[in-house]
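Asker: Quick one: structure below, then a few questions.
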Amino acid sequence: MNSKWVFHIGYATIALIMPGHPSEIISLTAFGSSSLLIIDIFYYLRYKISKKEVKMAILEGDYLKVAKVQEDNEEMLLAKENVVGVGTGHKIKDGKDTGEPSIVVFVSQKIDKALIKPNDLIPETVEKFKTDVIETGEIFAGTEGIEEKKEEEIGVEVLRQRIRPAKGGFSVGHYKITAGTIATCVYDLYPFPGIPPKYYILSNNHVLANSNDAKIGDPILQPGPYDGGSVPKDIIARLSRFVPIKFMKPGYAPCNYVDAAIAEGNFHELDREIYWIGYVKQVNSRPKVGDLVEKTGRTTNFTTGRIIALNATVNVNYGGGRVARFCRQIMTTCMSGPGDSGSLVCDIKEGAVGLLFAGSAKVTVINSILYVQSLLHIRLHP
Amino acid sequence: MSIQEVLKEIRYWIDIEGVEAIGEGENCIIVFISAENEEIRKKIPTEYKGYPVKIEVSGIISTQ
């Protein structure tokens, strides 16, 4: 069972009250979690703003009223079956952001109301604020059973040297694996706009979380161990979240949607730029068959391909006899090799299309970036 | 019937030994197989509910 989580609010408000100090706001995130007390002290020391003034600023606005109601009702909401998280956000209606502050309830999957016990139904309002239910899928933050280490063949190519700040396209890996590729660097989906509480490296589960066989907080090396990365000198980040891979068993073939994970690093050591591609300019939510795509990866460097299939169901080998079924995948002509896993695949206008994770001598398989963002709760752009 | 609905209906083709993937191509269904194999070709129709079915040899698909 995955642990349930909640969002903390407050950063967005701080971003609004200190618009002239972007660099300082960024450095504030180095304090890590959402401890408002630390923020208070920071602002007092840095700007001579009194703690009371900061608190007043923080406590203004409907968002804080919603946050208070959220806090008061969190336990009640999280106790409901299928609820995996609670946050503060906007009411989304017919796919459009209404701008109305609401309590956002995250569920592992949306189920027909008729199938839910009355006590587990999400109320339409909580203390006058509307609720908004968002389906996230299952997100685990823990370890699964011990899995056999994957053996990968890694070619000898560039992009395997140590680089700071770390960029997309370069070698990376959990300390127990060989090496994969950094997609790009990302941040939390919420608050937006606002001050992201953390910054991360994005790559695959099998690169950063050793195919489920990892613990949150495990060291992530840049370059990856196969490329000479070692603990402690090459630690770039710590495993933060991963979407567990569900492997097939006789009579059991669940759909996976992503092989994805993120590791938290220090802002000043992470760069969103992707070697030879540049910065992601948009998210391409509607790639089409025939579209040209590109990626930079640790093994085959900069390559291009063409989308040959969408909405694909694929059985992927993970070594050691393990196979996982992936649904709604994007397939391209071959544009990758072992060690390129984790590369971000973009269209030729730098629109993110997906996360490369598997392939053969003829094809490359990519997770849709929309699923990656949604299931890891991260944002690539802007 | 949309191609998405057809893909759902034929998802079980992935359980045919040697089939690696099934997806939506340009106005067609694409079936990726691990190696050329006449037996697989016999099991998969050349057209299904109005959509042409193309077979492509992909090789075995593994993580990279």
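The values are calculated or read from the model by the stated rules, or taken from the named source; none is laboratory data. Small disclaimer: the values here were computed from a predicted structure and weren't measured. Cβ sites come from the backbone with ideal geometry, for glycine too, and all protein chains shown count toward neighbours.
Asker: Condition (residue is under 11 Å from A:S343 (Cβ atoms) and of a type in the set (G, A, S)) applied to region A:295-303: is it met by at least one residue?
Answerer: Of region A:295-303, the ones under 11 Å from A:S343 (Cβ atoms) are A:295-303.
Restricting the remaining residues to those that are of a type in the set (G, A, S) gives A:297.
Yes.
Asker: Being more than 18 Å from A:N317 (Cα to Cα), facing another protein chain (nearest Cβ under 8 Å) and surrounded by 16 or more Cβ atoms within 10 Å (Cβ to Cβ) is the filter here, so list the residues in region B:24-37 that pass it.
Answerer: To start, the set of residues in region B:24-37 that are more than 18 Å from A:N317 (Cα to Cα) comprises B:24-30, B:36-37.
When the remaining residues are screened for being facing another protein chain (nearest Cβ under 8 Å), the result is B:24-26, B:30.
Scanning region B:24-37 gives B:E24, B:G25, B:I30.
Asker: Based on this model, can you work out whether A:L221 counts as modelled with pLDDT of 95 or more, hydrophobic (A, V, I, L, M, F, W, C) and within 29 Å of A:R325 (Cβ to Cβ)?
Answerer: Values: modelled with pLDDT of 95 or more: yes; hydrophobic (A, V, I, L, M, F, W, C): yes; within 29 Å of A:R325 (Cβ to Cβ): no.
Here the answer is no, as A:L221 does not meet what is asked.
Asker: Working only within region A:292-321, note down all residues that are within 11 Å of chain B (Cβ to nearest Cβ) and over 22 Å from A:S203 (Cα atoms).
Answerer: A:I308, A:A309
Asker: Still on this model: Sort through A:V316, A:V289 and tell me the only one that's outside any strand (DSSP E or B), touching a strand residue (DSSP E or B) at 6+ places or on another chain (Cβ under 6 Å) and buried (at least 16 other Cβ atoms within 10 Å of the Cβ).
Answerer: On the way: A:V316 fails: outside any strand (DSSP E or B).
None of the others qualify; the one that does is A:V289.
So that you can scan it fast, the table gives a plain yes or no per residue for (1) within 17 Å of A:Y275 (Cα to Cα); (2) in contact with a Leu (Cβ under 7 Å, 6 or more places away or on another chain); (3) surrounded by 24 or more Cβ atoms within 10 Å (Cβ to Cβ):
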position: A:G320; (1), (2), (3): no, no, no
position: A:V323; (1), (2), (3): no, no, no
position: A:Q329; (1), (2), (3): no, no, yes
position: A:T333; (1), (2), (3): no, no, no
position: A:S336; (1), (2), (3): yes, yes, yes
position: A:I348; (1), (2), (3): yes, yes, no
position: A:A352; (1), (2), (3): yes, yes, yes
position: A:A361; (1), (2), (3): no, no, no
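Asker: Scan region B:13-23 for residues that are outside any loop (DSSP other than H, G, I, E, B) and more than 10 Å from every other protein chain (Cβ to nearest Cβ) and jot them down. Please lay out each step first, then the result.
Answerer: Initial filter on region B:13-23 (outside any loop (DSSP other than H, G, I, E, B)): B:13-15, B:19-23.
Within region B:13-23, none qualify.
Asker: Of these, B:I40, B:I55, which one is without any contact (Cβ under 8 Å) to a residue 40 or more places away in the chain, in a helix (DSSP H, G or I), more than 11 Å from chain A (Cβ to nearest Cβ) and surrounded by 15 or more Cβ atoms within 10 Å (Cβ to Cβ)? Spell out the reasoning first.
Answerer: Numbers: B:I55 fails: in a helix (DSSP H, G or I).
One residue alone meets the criteria, B:I40.
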